[in-house]
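The values are calculated or read from the model by the stated rules, or taken from the named source; none is laboratory data. Please read these numbers as outputs of a predicted model, since none were measured by experiment. Don't worry about glycine lacking a Cβ; one is built from the backbone with ideal geometry, like all the others, and counts go over all protein chains shown.
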Amino acid sequence: GENVEQHPSTLSVQEGDSAVIKCTYSDSASNYFPWYKQELGKGPQLIIDIRSNVGEKKDQRIAVTLNKTAKHFSLHITETQPEDSAVYFCAAFIQGAQKLVFGQGTRLTINP
Amino acid sequence: GAGVSQSPSNKVTEKGKDVELRCDPISGHTALYWYRQSLGQGLEFLIYFQGNSAPDKSGLPSDRFSAERTGGSVSTLTIQRTQQEDSAVYLCASRYGGGFSGGKYNEQFFGPGTRLTVL
């Protein structure tokens, strides 16, 4: 079935450094790839997304890249701040099933 | 505008009791999803509604779990004869849906969740 692999499962970086989280997907028909940030005790929040007709998208300190040929996409956070500490989930939208398939999550810790 | 809301925010129940969890999606969103998240774990898909029908119930873990949606809006997830392993956060999400792809139709928004504790 459809699968999304996310790496790493945990990531610790110094404040001000960059963080990169990578995901791969299996369904070549996937056309929409959102990223969610989940803070402790809260529901996941959509932070950025990319569609299959775009290779890169940027929103202030966060950016997402998509390589359709290799079927992988990445989240890049620059100039990290303590408030970036959270669990991040990637996902791929399965058009046939009309649902998102999620990666396993990455716990990002920003060290002051 | 208002986001996805869920109630109650917390529910503590005794093993064997039935519980009902409620989800109010964003107005106009036809697609609604339920997920379960155990402590420190990922998002486990439970069920998908399009309007009032559920074309995908494949994630419901047992026949103790059921869900319904009325009027194409509010949804309730019912767990009968709760077990300790049912303890988790239950998340609801909604999406514009409508069968279109691309643009705003794919954006999916989550509620804050209901934390269920079965003693």
Open item on the list: Just to verify a result, which residue in region A:18-31, among those that are in contact with a Ser or Thr (Cβ under 9 Å, 6 or more places away or on another chain) and under 14 Å from A:Leu75 (Cα atoms), is surrounded by the fewest Cβ atoms within 10 Å (Cβ to Cβ)?
Closed with: A:Ser18
TODO: Go through (1) free of Cβ contacts under 8 Å to residues at least 40 places away in the same chain; (2) of a type outside the set (Gly, Ala, Ser); (3) loosely packed, with under 13 Cβ neighbours inside 10 Å and name the single condition B:Asp18 misses.
DONE: (1)
Open item on the list: I want to confirm something. Restricting to region B:85-101 and keeping residues that are within 11 Å of chain A (Cβ to nearest Cβ) and touching a strand residue (DSSP E or B) at 6+ places or on another chain (Cβ under 7 Å), which single residue is modelled with the lowest pLDDT?
Closed with: B:Gly97
Task: Complete set of residues in region A:73-96 that are closer than 24 Å to B:Arg95 by Cα and touching a strand residue (DSSP E or B) at 6+ places or on another chain (Cβ under 7 Å) - done: A:Phe73, A:Ser74, A:Leu75, A:Ala86, A:Val87, A:Tyr88, A:Phe89, A:Cys90, A:Ala91, A:Ala92, A:Phe93, A:Ile94
Open item on the list: Test of understanding: among A:Thr78, A:Thr10, which residue is under 25 Å from B:Arg36 (Cβ atoms), surrounded by fewer than 16 Cβ atoms within 10 Å (Cβ to Cβ), touching a residue at least 12 places away in the same chain (Cβ under 8 Å) and β-branched (Val, Ile, Thr)?
Closed with: A:Thr10
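Which residues, taken from region A:81-112, are of a type in the set (S, T, N, Q), under 12 Å from A:Lys22 (Cα atoms) and either free of Cβ contacts under 8 Å to residues at least 60 places away in the same chain or more than 8 Å from chain B (Cβ to nearest Cβ) (or both)?
Applying the first criterion (of a type in the set (S, T, N, Q)) to region A:81-112 yields A:81, A:85, A:95, A:98, A:104, A:106, A:109, A:111.
Imposing the further condition that a residue be under 12 Å from A:Lys22 (Cα atoms) reduces the set to A:104, A:106.
Hit for region A:81-112 is A:Thr106, nothing else.
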Task: Entirely in region A:18-86, the strands (runs of 3 or more DSSP E) that have 3 or more residues that are touching a Lys or Arg at 6+ places or on another chain (Cβ under 7 Å) - done: A:45-51, A:72-77
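Look at B:Gly42 and say whether it is in contact (Cβ under 8 Å) with a residue 12 or more places away in the chain, facing another protein chain (nearest Cβ under 9 Å) and within 16 Å of the chain's Cα centre (by Cα). Quick ask: steps written out before the conclusion?
Values: in contact (Cβ under 8 Å) with a residue 12 or more places away in the chain: no; facing another protein chain (nearest Cβ under 9 Å): yes; within 16 Å of the chain's Cα centre (by Cα): yes.
In short, no.
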- [ ] With a cut-off of at least 1 residues that are more than 25 Å from A:Gln95 (Cα to Cα), name the strands (runs of 3 or more DSSP E) lying wholly within region B:1-99.
- [x] B:5-7, B:10-13, B:19-24, B:65-69, B:75-79, B:88-95
TODO: Go through region A:5-36 and count every residue that is within 11 Å of the chain's Cα centre (by Cα) and within 11 Å of chain B (Cβ to nearest Cβ).
DONE: 4
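Output the residue which, of all residues in region B:47-83 that are in contact (Cβ under 8 Å) with a residue 40 or more places away in the chain and of a type outside the set (Ser, Thr, Tyr), is farthest from the other protein chains (Cβ to nearest Cβ). Give the steps one after another, and end with the answer.
Pass one, region B:47-83, residues in contact (Cβ under 8 Å) with a residue 40 or more places away in the chain: B:50, B:72-83.
Next cut, of a type outside the set (Ser, Thr, Tyr) only: B:50, B:72, B:74, B:77, B:79-81, B:83.
Values: B:Gln50: 7, B:Gly72: 15, B:Val74: 17, B:Leu77: 15, B:Ile79: 19, B:Gln80: 25, B:Arg81: 27, B:Gln83: 24 Å.
Within region B:47-83, the match that is farthest from the other protein chains (Cβ to nearest Cβ) is B:Arg81.
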